[in-house]
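Written out below as C-alpha cells is the structure these notes cover.
Each value in this text was obtained by applying a stated rule to the coordinates, not by laboratory testing. Every value quoted in this text rests on a predicted model; they were computed, and no experiment measured them. Cβ placement follows ideal geometry from the backbone for every residue including glycine, while neighbour counts extend to all protein chains displayed.
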Amino acid sequence: MQGASLKATDLACQRGERLLFRGLSFALAPGEAIQVAGANGIGKSSLIRIIAGLLRPLAGTVECGGTPALLDERPALDPHLPLGNALAFWQRIDGWDDLPLGLLGLKNLLDVPVRYLSTGQKKRAALARMVGQSAPVWLLDEPLNGLDRAAVAMVETLVAQHCDSGGVALVASHQPIALPGDHRIDLAEFTA
Ligand SMILES: Nc1ncnc2c1ncn2[C@@H]1O[C@H](COP(=O)(O)OP(=O)(O)OP(=O)(O)O)[C@@H](O)[C@H]1O
C-alpha cells in the first residue's frame with residue numbers, strides 16, 4: 001500500500017443555507033490517521049462525503065493519494081443473503097484471499113442473513129467488507145456506533161494495522177478512539 005495520502009486544503013462546506021465549516025486544512029502521510037470530532041450536526045459526515053467525492057465543497061480542494069473506501073451507516077451487503085454469501089459477492093470484485101473474521105467476531109455468523117444481524121454485528125460485517133477492499137485511504141463515519149467495548153478495541157486494532165501497512169485513515173466520531181499518532185481535529189474550531 002505505497003504512497004497513500006490525504007490532503008485537504010482550505011475546505012468549506014455549505015448544506016442548504018447553512019455554512020457548516022470553513023478554512024479546514026490537514027494532510028496525512030502514509031501511516032497516519034486523524035479523528036474528526038464535533039457535536040451532532042456540526043458537519044462530520046458532510047466532510048467525509050466531500051473527501052469521498054460524493055459532495056462538492058463550497059471551497060477548497062481534496063487530494064486523495066489512493067482509492068478511498070467509505071464506511072458509513074449503510075453497509076453495502078445484500079440484506080437477504082447469509083453474511084458469508086454477501087461477503088463472497090464482494091470477494092469476487094475485491095479479490096481478497098482472507099478476512100480477519102475471527103478478530104471481527106463474525107466466524108459464527110456466516111450463515112445468518114444480513115438483515116437478522118444486530119446493529120453491532122452489521123457494523124462488524126461492514127468493517128470486514130472494508131478490510132477486503134484493500135483501499136489505501138479509509139474514511140470511517142462513526143465506526144464505533146453500536147459497538148461494545150471489545151469491538152471498539154478491534155476497530156482501533158484494524159486502523160492501526162491499516163496504518164502500519166502504509167494506509168491512511170480519517171475517522172469521524174464524537175466518541176474517543178485511540179488512533180496512531182493521536183491526531184485530532186475538532187470541527188467546532190472551523191465553524192463559521
Ligand atoms: N442534504 C442536505 N441538505 C441540507 N442540509 C443538510 C443535508 N444533509 C445534511 N444537512 C445538514 O447539515 C448539517 C451537518 O450534517 P452532518 O450529517 O454532516 O453532521 P454530523 O456532524 O455528521 O452529525 P452527527 O454527529 O449527528 O452524525 C446538519 O445540520 C444537517 O441537518
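Return the whole-Å distance between the Cα centroid of region 1-76 and the Cα centroid of region 85-99.
27 Å
Pull up the DSSP beta bridges for the chain and report the antiparallel fraction as a percent, rounded to 5.
Counting only bridges with both partners in the chain, antiparallel ones make up about 45 percent.
How high is the FRET efficiency from D97 to S45, r the C-beta distance, R0 30 Å, rounded to 0.05?
0.40
What is the set of long-range amide H partners of V36 at a cut-off below 5 Å, with H atoms built 1.01 Å from backbone N?
V171, A172, S173, I185
Grab the Cα-Cα distance for Y116 and S134, subtract it from 0.36 nm times how many residues apart they are, and report the gain in nm with one decimal.
3.8 nm
What residues from region 7-43 fall in the zone where the backbone N is under 20 Å from a label point 7 Å along the Cα-to-C-beta line of D182?
Residues 27-29, 31-38 qualify, since their backbone N sits under 20 Å from the label point.
Can you compute the modelled spin-label distance between L54 and N85, with each label point 7 Å from Cα toward Cβ, in nm?
2.6 nm
Once the Cβ-Cβ distance between L19 and D148 is put in as r, and R0 is 30 Å, what FRET efficiency do you end up with, to the nearest 0.05?
On the way: r = 37 Å, r/R0 = 1.24.
That pair, L19 with D148, gives E of 0.20.
Projecting each Cα onto the charge dipole of region 5-190 (Lys/Arg +1, Asp/Glu -1 at the beta carbon, about the Cα centre), which of G102, I185, L54 comes out farthest on the positive side?
Comparing the listed Cα positions along the dipole, L54 ranks first.
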